[in-house]
């Protein structure tokens, strides 16, 4: 299978060895040059915000989209997720529509920010999406594009907070002894996030859900996560920040029912891996 990865950054690079090992070919599209790529990877430089002259290789059978905004404001999010997706589809249609439309799967990396609950309640994929911030609103608009487009089988992957090597904000917080809230958080190790996107794009199962939460198996309060990291490092338990926000608990059962198995099912296994790769004790 030839897989187009749009926004071939950290997750794409983590996923590529698994795709290649399974016999797939990867078309790696990103805005910056790819100086070296392993055998089986077709590097492609291009900007979906300025797609003139951008041509995709033929015979693409699946597409994974993991784009990021240049700026963390509404304009940046709308450009990255709404405009870029609108510009991607005409490029895909040239290759995909003439040959059995809807057989090609497009997996769009969205966010659990589309859920607006802040009372500690559980949410699953069928829950209403009433985001409380602009980022969730923009992601919800982009999701609607993906699910409504007739040329592909769109799959929305709602990712929780990604952590892993080079994504160590809570480790630094534990080291600094900063207060942490009791707000519920929903996390996913970067290796599991990459593997889940590959699974959703290439799974042979006949029924891949249109919307899937990509989180680990155990929501956790932020203070509990930071306290665990501190204990692993032999540091004092950080104080509690009573900010009053409860967050939400995102149900990741549907991902497991598709046959996916987490390498790091909770934050404990995941952060032990992070610490072991940075000289943690």
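The values are calculated or read from the model by the stated rules, or taken from the named source; none is laboratory data. Please read all numbers here as calculations on a predicted model, not as lab measurements. All Cβ positions, even for glycine, are placed from backbone atoms using ideal geometry, and neighbour counts span all protein chains on display.
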Practice task
Evaluate the following for residue 120: is it touching a residue at least 24 places away in the same chain (Cβ under 8 Å), surrounded by fewer than 17 Cβ atoms within 10 Å (Cβ to Cβ) and either in a loop (DSSP other than H, G, I, E, B) or touching a strand residue (DSSP E or B) at 6+ places or on another chain (Cβ under 6 Å) (or both)?
Solution key: yes
Completion exercise
Within the stretch 47-58, residues within 22 Å of residue 15 (Cα to Cα) and either crowded, with 21+ Cβ neighbours inside 10 Å or in contact with a helix residue (DSSP H, G or I) (Cβ under 7 Å, 6 or more places away or on another chain) (or both) come out as 48, 56, 58
Practice task
Six or more apart or on different chains, Cβ under 7 Å: which pairs go from a residue in the stretch 244-266 that's touching a residue at least 12 places away in the same chain (Cβ under 8 Å) to one that's exposed (fewer than 15 other Cβ atoms within 10 Å of the Cβ) and not in a loop (DSSP other than H, G, I, E, B)? Could you list them?
Solution key: 249/122; 251/122
Completion exercise
Exactly one of 125, 137 is within 24 Å of residue 76 (Cβ to Cβ) and either modelled with pLDDT of 95 or more or loosely packed, with under 15 Cβ neighbours inside 10 Å (or both), and that residue is 137
Problem - Failed condition for residue 210, given (1) touching a residue at least 60 places away in the same chain (Cβ under 8 Å); (2) surrounded by 18 or more Cβ atoms within 10 Å (Cβ to Cβ) - result: (2)
Fill in the blank from the handout: Only unsatisfied item for residue 28, checking (1) in a loop (DSSP other than H, G, I, E, B); (2) within 28 Å of residue 199 (Cβ to Cβ); (3) in contact with a helix residue (DSSP H, G or I) (Cβ under 9 Å, 6 or more places away or on another chain), is (1)
Exercise for the section: Answer yes or no: is there a residue in the stretch 233-242 that is surrounded by fewer than 15 Cβ atoms within 10 Å (Cβ to Cβ), touching a strand residue (DSSP E or B) at 6+ places or on another chain (Cβ under 9 Å), touching a residue at least 60 places away in the same chain (Cβ under 8 Å) and assigned to a helix (DSSP H, G or I). Expected result: no
Exercise for the section: Would you tally the residues in the stretch 61-85 being buried (at least 19 other Cβ atoms within 10 Å of the Cβ) and touching a helix residue (DSSP H, G or I) at 6+ places or on another chain (Cβ under 6 Å)? Expected result: 7
Practice task
Would you check if there is a residue in the stretch 164-184 being touching a residue at least 60 places away in the same chain (Cβ under 8 Å), closer than 30 Å to residue 90 by Cβ and surrounded by 16 or more Cβ atoms within 10 Å (Cβ to Cβ)?
Solution key: no
Problem - Residues within the stretch 174-225 that are at pLDDT 95 or above, in contact with a strand residue (DSSP E or B) (Cβ under 7 Å, 6 or more places away or on another chain), in a helix (DSSP H, G or I) and farther than 19 Å from residue 125 by Cα, tallied - result: 5
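Given the options 254, 272, 261, 268, name the one that is in a loop (DSSP other than H, G, I, E, B) and either under 22 Å from the mean Cα position of the chain (by Cα) or buried (at least 17 other Cβ atoms within 10 Å of the Cβ) (or both).
Details: 254 fails: in a loop (DSSP other than H, G, I, E, B); 272 fails: in a loop (DSSP other than H, G, I, E, B); 268 fails: in a loop (DSSP other than H, G, I, E, B).
One residue alone meets the criteria, 261.
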Exercise for the section: Take the stretch 3-37 and flag every residue that is without any contact (Cβ under 8 Å) to a residue 40 or more places away in the chain and out of contact with any strand residue (DSSP E or B) (no Cβ under 9 Å at 6 or more places or on another chain). Expected result: 17, 21, 23
Practice task
Taking residue 155 as meeting all but one of (1) more than 16 Å from residue 6 (Cα to Cα); (2) surrounded by 22 or more Cβ atoms within 10 Å (Cβ to Cβ), write down the number of the exception.
Solution key: (1)
